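The values are calculated or read from the model by the stated rules, or taken from the named source; none is laboratory data. Quantities reported herein were computed from a predicted structural model and do not represent experimental measurements. FYI the Cβ positions are ideal-geometry reconstructions off the backbone, even for glycines, and counts take in every protein chain you see. Accessible surface areas use protein heavy atoms only, side chains included; no ligands, DNA or RNA. Shrake-Rupley method; radii C 1.70, N 1.55, O 1.52, S 1.80 Å.
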Amino acid sequence: MPAPTLPMRIKDFYERVSVEREAALEDLPKLYAPEVRFVNPVVDETGLVTFEAYWKKALRQYKRFVFKDLEVVGDDALFTLTYTMEVRFAVGPVFVNAMSTDCHGRDGKVVFCRDYFDPLGTLVSPFPVASWLYKKVFGLLVA
């Protein structure tokens, strides 16, 4: 049986985080290079130590931190994950975030990953009137 591909190993990691939370972080050094660069709409950082710190902070911050509907396409050199992330603080609503993550791999590890998501859309997602208004305004401006 062939070894799992890097995209499938990353998918398994996300699924594991949803269930095991911080215990899953033990796999980070097996999956991400020491010099990994990670980018999203609010972060542009480099290094596995910093990457792990961001994961730990998120897991401390969110009482609910779940990835759903994970799909992956691509190969070890370049692949994309799409998923829905649900987060909730200790109190308050669940925030639903439709996301994708592009990953570049080398030598069996991710060296670059970029998360794509809509921070403002996520912020208003639990509030139907605000969400409708947000979509309406941006629909007029962008679409």
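Of the conditions (1) free of Cβ contacts under 8 Å to residues at least 60 places away in the same chain; (2) in contact with a strand residue (DSSP E or B) (Cβ under 6 Å, 6 or more places away or on another chain), ASN40 clears all except one; give me its number.
(1)
Having 3 or more residues that are touching a helix residue (DSSP H, G or I) at 6+ places or on another chain (Cβ under 9 Å) is the bar; report the strands (runs of 3 or more DSSP E) wholly within region 7-99 that clear it. Full working, then the answer.
On the way: elements: 32-40, 43-46, 64-74, 78-88.
In region 7-99, the matching strands (runs of 3 or more DSSP E) lie at 32-40, 64-74, 78-88.
Would you please name the residue that is farthest from GLY92 (Cα to Cα), looking only at residues in region 127-136 that are open to solvent by less than 60 Å² (accessible area, probe 1.4 Å) and not polar (S, T, N, Q)? Spell out how you get there, then give the answer.
First, pick out the residues of region 127-136 that are open to solvent by less than 60 Å² (accessible area, probe 1.4 Å): 130-131, 134.
Retained after the next criterion (residues that are not polar (S, T, N, Q)): 130, 134.
On the way: ALA130: 16, TYR134: 20 Å.
Ranking the candidates gives TYR134 first.
When region 26-36 is examined, which residues are found to be of a type outside the set (Val, Ile, Thr) and either surrounded by 18 or more Cβ atoms within 10 Å (Cβ to Cβ) or touching a Leu at 6+ places or on another chain (Cβ under 8 Å) (or both)?
To start, the set of residues in region 26-36 that are of a type outside the set (Val, Ile, Thr) comprises 26-35.
Across region 26-36, the qualifying residues are LEU28, PRO29, LEU31, TYR32, ALA33, PRO34, GLU35.
For region 54-90: of the residues being more than 11 Å from CYS103 (Cα to Cα) and among the aliphatic types (A, V, I, L, M), which is most open to solvent (accessible area, probe 1.4 Å)? Write out each step before concluding.
Of the residues in region 54-90, the ones more than 11 Å from CYS103 (Cα to Cα) are 54-71, 82-90.
Now drop any that are not among the aliphatic types (A, V, I, L, M), which leaves 58-59, 66, 70, 85, 87, 90.
On the way: ALA58: 19, LEU59: 12, VAL66: 26, LEU70: 18, MET85: 30, VAL87: 11, ALA90: 76 Å².
Filtering first and then ranking leaves ALA90.
Looking at PHE51 and the list (1) open to solvent by 80 Å² or more (accessible area, probe 1.4 Å); (2) modelled with pLDDT of 95 or more; (3) of a type outside the set (Gly, Ala, Ser), which single condition is not satisfied?
Checking PHE51 against (1) open to solvent by 80 Å² or more (accessible area, probe 1.4 Å); (2) modelled with pLDDT of 95 or more; (3) of a type outside the set (Gly, Ala, Ser), the one that fails is (1).
Would you confirm whether any residue within region 116-133 is more than 15 Å from the chain's Cα centre (by Cα), among the charged types (D, E, K, R) and within 30 Å of LEU6 (Cβ to Cβ)?
Of all residues in region 116-133, those more than 15 Å from the chain's Cα centre (by Cα) come to 120-121, 123-133.
Filter once more, so that each one left must be among the charged types (D, E, K, R): none.
No; the residues of region 116-133 include none that is more than 15 Å from the chain's Cα centre (by Cα), among the charged types (D, E, K, R) and within 30 Å of LEU6 (Cβ to Cβ).
Is it fair to say GLU26 is free of Cβ contacts under 8 Å to residues at least 24 places away in the same chain and not basic (Lys, Arg)?
yes
Please go through region 11-36 and give me each residue that is closer than 17 Å to LEU59 by Cβ and in contact with a strand residue (DSSP E or B) (Cβ under 8 Å, 6 or more places away or on another chain), ordered by number.
Matches in region 11-36: TYR14, GLU15, VAL17, SER18, ARG21, LEU31, TYR32.
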